[in-house]
Amino acid sequence: MAVRIVVGAQWGDEGKGKIVDLLASEADVVARYQGGANAGHTICHGDRRFILRLIPSGILHDGVMCILGNGVVVDPVALFEELQGLRDQGVQTEGRLMISPHAHIIFPYHKLIDQAKERYLGENQVGTTQRGIGPAYLDKIDRCGIRAVDLLDRANLTAKLEKNLEEKNKILRAFGAAEQPVHPMIQQFCDVGERLRPLVVDTVAYLHRAILDGKEVLLEGAQGTMLDIDHGTYPFVTSSNATAGGACTGLGIGPTLVDRVMGVVKAYTTRVGNGPLPTEFEPAFADRVRNLGGEFGSVTGRPRRVGWLDLVQIRYAVMVNGINELAVTKLDVLDTLEELHVCTEYRANGKPVDLSVADARTISEVQPMYRTLPGWQAPTGRVRTLRELPKPARDYLQFIETSLGGVPIRLVSVGQERQETIRV
Ligand code: GDP
Ligand code: IMO
Ligand code: MG
């Protein structure tokens, strides 16, 4: 039996897609447990590039079953586009995707409210992906969300949509945004329901059977620890539990069934959207590393903010996720840097700051304390064993492991492609 969670240890975009795709060659099932089309998980195979937003990053392996759990918010428009895109690139998706009947559905008004709210917040905005994620989870918590199962019964869908739209139109009106007529939406989502019907199955039972049968199961997180609604830099977070606990609630699996939690750590730090980023580079150096790492949002194209590796933040991620193995990605991006700084402590007024209790404002004002390590200034993209890595690169990895209390690095990624990986 092997059930492994793959979780982002920073602010998202750590390279989860590449790592899950790599591990999926030995898996039977890959399940997404939270988030929605705010995610963008990139997988590169030669000249083919896939950006998966909803579909689990196991889909490129024939025979791997893919699940969208109850914790995911499903935008059917994005889902159908993504399925079509995969088919156009020759990926066989038929019979390989399952959706929980309890997964909540994103409606057009969720996206409109997300956009209107951000406009309203102005300079205080979160910088969301405007995919309707927050408003859809808000409905879920408010107990008025519409779930995949609700799309399968016209009368039920009609009643729920009429009730919701009455309220949503009031909100849209208050924000000065366009109101939405109910009837075309009922028809549109009845049609969506018919297209989804074959995919909506009991994913909890399926997963449990797979686990009991000893199958290899990967639970794929979206976003990252510092964007988690409970454990991230609130309020600059997404609206779900991206941390490992979310895998249990978002799929209906008890914690006793999980064997391993792999934290994906980018060899430096990035963040999209607003909120604190203590190790952020000054603009000219940020441009340099952003270009080296191709750090532009895979969904929105926004330039990502960039900074040094932050071990205070990753230590916290190890704690709140129970991370017991690591994948370090994008080591090659640092190949040309003369020296590397790694944050080992936060201070304010000369005193250490504990990230576990600090609020976003405090975090945005801390002084990061750095340890400086030499760069290796040699290409690592073709390296496939730890031994072949330049000594300063091995020391960098060793420093990470040691600073995290010995959590082992199992994978080191040195390029976008599956094979550009060192297995430790
Ligand atoms: P995710 O959301 O965590 O799956 O990450 P994204 O796909 O949004 O962003 C990671 C980006 O880095 C993608 O463009 C990947 O193709 C790329 N990438 C992943 N691992 C590596 C690596 O080891 N080296 C380099 N140079 N690029 C990588
Ligand atoms: P993956 O899975 C990086 C960020 C947004 C914004 C905040 C809230 O590719 O790592 P939302 O639309 O979720 O309400 O936005 O979260 N964000 C991400 N940043 N990677 C992601 O996903 C993200 N998904 C959301 O930029 O700051
Ligand atoms: Mg991404």
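The numbers here are math on the coordinates, done by the rules we state, and not lab data. Quantities reported herein were computed from a predicted structural model and do not represent experimental measurements. Counting neighbours? That spans all protein chains shown, and the Cβs are built from the backbone with ideal geometry, glycine included.
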Using alpha carbons only, how many degrees (0 to 90, rounded to 10) separate the axis of helix 391-403 from the longest principal axis of the chain? 60 degrees
Using a ≥ b ≥ c from the Cα gyration tensor of the range 252-372 (square roots of the eigenvalues), is it rounded, prolate or oblate, where a/c under 1.5 gives rounded and otherwise the larger of a/b and b/c decides, a/b for prolate? oblate
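Applying 1/(1 + (r/R0)^6) with R0 = 35 Å to the Cβ-Cβ distance of ARG387 and THR344, what FRET efficiency is obtained, to the nearest 0.05?
E(calc), rounded to 0.05, equals 0.85.
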Excluding GLY63 itself, calculate the net charge of residues whose Cβ lies under 9 Å from the Cβ of GLY63, where each Lys or Arg counts +1 and each Asp or Glu counts -1. -1
Normalising by the residue count of the chain, find the relative contact order in percent from Cα pairs under 8 Å and 6+ residues apart. 20 percent
Taking the Cα-to-Cβ direction at GLU166 and at GLU94 and moving 7 Å from each Cα, how far apart do the two end points lie in nm? 4.5 nm
Suppose each label sits 7 Å from its Cα in the direction of the beta carbon; what would the HIS208-THR256 distance come out to in nanometres? 1.3 nm
Helix-only mean residue ellipticity at 222 nm for the chain, each DSSP H run of n ≥ 4 adding -39500 (n - 2.57), per residue, nearest 500: -10000 deg cm²/dmol
Please figure out what share of the DSSP beta bridges in the range 227-354 is antiparallel and state it in percent, rounded to the nearest 5. 50 percent
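What GluC sites (Glu not before Pro) does the range 326-359 have in DSSP loop regions with at most 12 other beta carbons within 10 Å?
Hits after loop and neighbour filter: GLU338.
Highest mean first, what order results for 66-73, 130-137 on Cβ atoms within 10 Å?
Top of the packing list down: 66-73, 130-137.
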Nearest-5 percent of antiparallel DSSP beta bridges in the chain? 40 percent
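Please sort 328-334, 314-320, 367-373 by packing, taking for each peptide the average over its residues of neighbouring beta carbons within 10 angstrom, highest first.
328-334, 314-320, 367-373
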The summed charge of the GLN130 Cβ neighbourhood (under 14 Å; Lys/Arg +1, Asp/Glu -1) stands at +3
Could you bin all the Cα-Cα distances of the range 1-76 into 5 Å bins starting at 0 and give me the percent of pairs in each, rounded to whole numbers? 3, 16, 27, 28, 18, 6, 1, 0
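Which order do the peptides 26-37, 160-171 come out in when sorted by mean C-beta neighbours inside 10 angstrom, highest first? Display every interim value, and only then the final one.
Working: 26-37: 25.3, 160-171: 16.6.
Packing proxy ranking, top to bottom: 26-37, 160-171.
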Quick check: Cα centre of the range 259-325 to Cα centre of the range 1-73, how many Å? 18 Å
May I have the pair-distance distribution P(r) for the chain, computed from all Cα-Cα distances with 10 Å bins from 0 and rounded to whole percent? 5, 22, 32, 25, 12, 4, 0
Just add up the charged neighbours of THR380: K/R +1, D/E -1, any other residue whose Cβ is under 11 Å from the Cβ of THR380. 0
